[in-house]
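The values are calculated or read from the model by the stated rules, or taken from the named source; none is laboratory data. All figures in this text were calculated on a predicted structure; none of them were measured in a lab. A quick note on method: Cβ atoms are made from the backbone with ideal geometry, for glycine too, and the neighbour counts reach across all protein chains shown. Only protein heavy atoms, including side chains, enter the accessible area calculation; ligands, DNA and RNA are left aside. Shrake-Rupley method; radii C 1.70, N 1.55, O 1.52, S 1.80 Å.
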Amino acid sequence: MGNAEEERALHEQRLGPVVRRRHQMRPETTDQRLLDTQGATHWVHEDPFRVLRIQSEFVEGFGTLAELGPAISVFGSARTPEGSPEYEAGVRIGRALVEAGFGVITGGGPGAMEAANRGATEAGGVSVGLGIELPFEQGLNPYVDIGVNFRYFFVRKTMFVKYAQGFVVLPGGLGTLDECFEALTLVQTKKVTRFPIVLFGSAYWKGLVDWLTNTLIAEGKASPHDLDLFHLTDDIDEVIDLVTKESGV
């Protein structure tokens, strides 16, 4: 190295893609600043950092599920007891979906979700659980083969819709209703197309359908055509026919 080059090296610093010279040079490297600095921690609780967490959840979800193949999201109550008719119906639906060429996506919890995952796993299919961070931890049920846990409901709900060709809704509570009505809204507003929504268990859902018909639609808050956004059945074979026909799979 000649004298000119040696002189320039003394007054030039390369930090990754950045070049610093003269009085802009820094005494430490980027790695040193990363590893040695122990400053304030309040930033981990502020919105800019939350945005990065949200982004990371989308990235993990998209990356994990991108090659999933045709799948149906199955919703239902976490409180459905094993051995009940509703639980057994969930197992049979999960198994039948796999036999029809679908993977099964659930919220990954117990009850009806476990039943659908169980049926999918026992049939040798793809069984997915999308869990959610809750104050009362439930954990992923043992029949989940691919599991992703989320902090944020809205990220998780995006995955339910983006990677499914349809919804099957078993009897459930507020969470099930939330997921069901979000899907109905997305189809009604044409945010998604060719998206069958099947409510399984006519006795359970009859009160809701009656209210939609006799109150919501009767008072002009929705169109009579909105009743065509979903199907009501007690027949598992019909469930499979509906999701297969309308999803185009």
Per the helix-only calculation at 222 nm, which mean residue ellipticity applies to the chain, given -39500 (n - 2.57) for every DSSP H run of n ≥ 4 and division by its residues, nearest 500 deg cm²/dmol? -13500 deg cm²/dmol
Please give me, ordered by residue number, the trypsin sites (Lys or Arg not before Pro) of the range 169-214 that lie in loop per DSSP and have at most 16 other Cβ atoms within 10 Å. 190, 191, 194
Ordering of 219-228, 100-109 by burial proxy (mean other Cβ atoms within 10 Å per residue, highest first): 100-109, 219-228
Option label - Rg/Rh (Cα atoms, Kirkwood Rh) computed here, alternatives (1) 1.11; (2) 1.22; (3) 1.02: (2)
For residue 131, the residues 5 or more places away or on another chain with a placed amide H closer than 5 Å to its own amide H are 148, 149, 150
What aspartates and glutamates could a cross-link reach from residue 191, if we take a straight Cα to Cα line under 19 Å and drop same-chain neighbours fewer than 8 places away? 178, 179, 182, 226, 228, 246
Rounded tilt (10° steps) of 153-162 against the dominant C-alpha axis of the chain: 70
Accessible area expressed per residue, the chain, with surrounding protein chains retained (probe 1.4 Å, Å²): 57
At 1.4 Å probe size, with the rest of the protein present, what percent of the exposed accessible area of the chain is carbon and sulfur atoms? 54
When only the heavy atoms of the protein chains count and the probe is 1.4 Å, how do 178, 47 rank by accessible area, highest first? 47, 178
Given the options 168, 198, 220, identify the residue whose Cα lies farthest towards the positive end of the charge dipole of the range 133-239 (+1 on Cβ of Lys, Arg; -1 on Cβ of Asp, Glu). 220
So what's the gap between the Cα centers of the range 198-249 and the range 150-168, to the nearest angstrom? 20
Which trypsin sites (Lys or Arg not before Pro) in the range 73-141 pass both tests, a DSSP loop state and at most 14 other beta-carbon atoms within 10 Å? 79
Quick one: of the DSSP bridges fully inside the chain, what percent are antiparallel, nearest 5? 15
Dipole moment magnitude, nearest 20 debye, the chain about Cα centre, only Lys, Arg, Asp, Glu C-beta charged: 900
Once phi for every residue in the range 53-65 is put through the Karplus expression 6.51 cos²θ - 1.76 cosθ + 1.60 (θ = phi - 60°), the whole-Hz ³J(HN,Hα) values, with Gly and Pro written as x, are 5, 4, 4, 5, 5, 4, 4, 5, x, 4, x, 6, 9
Just the accessible area for residue 126, please: 1.4 Å probe, Å², rounded to the nearest 10? 60
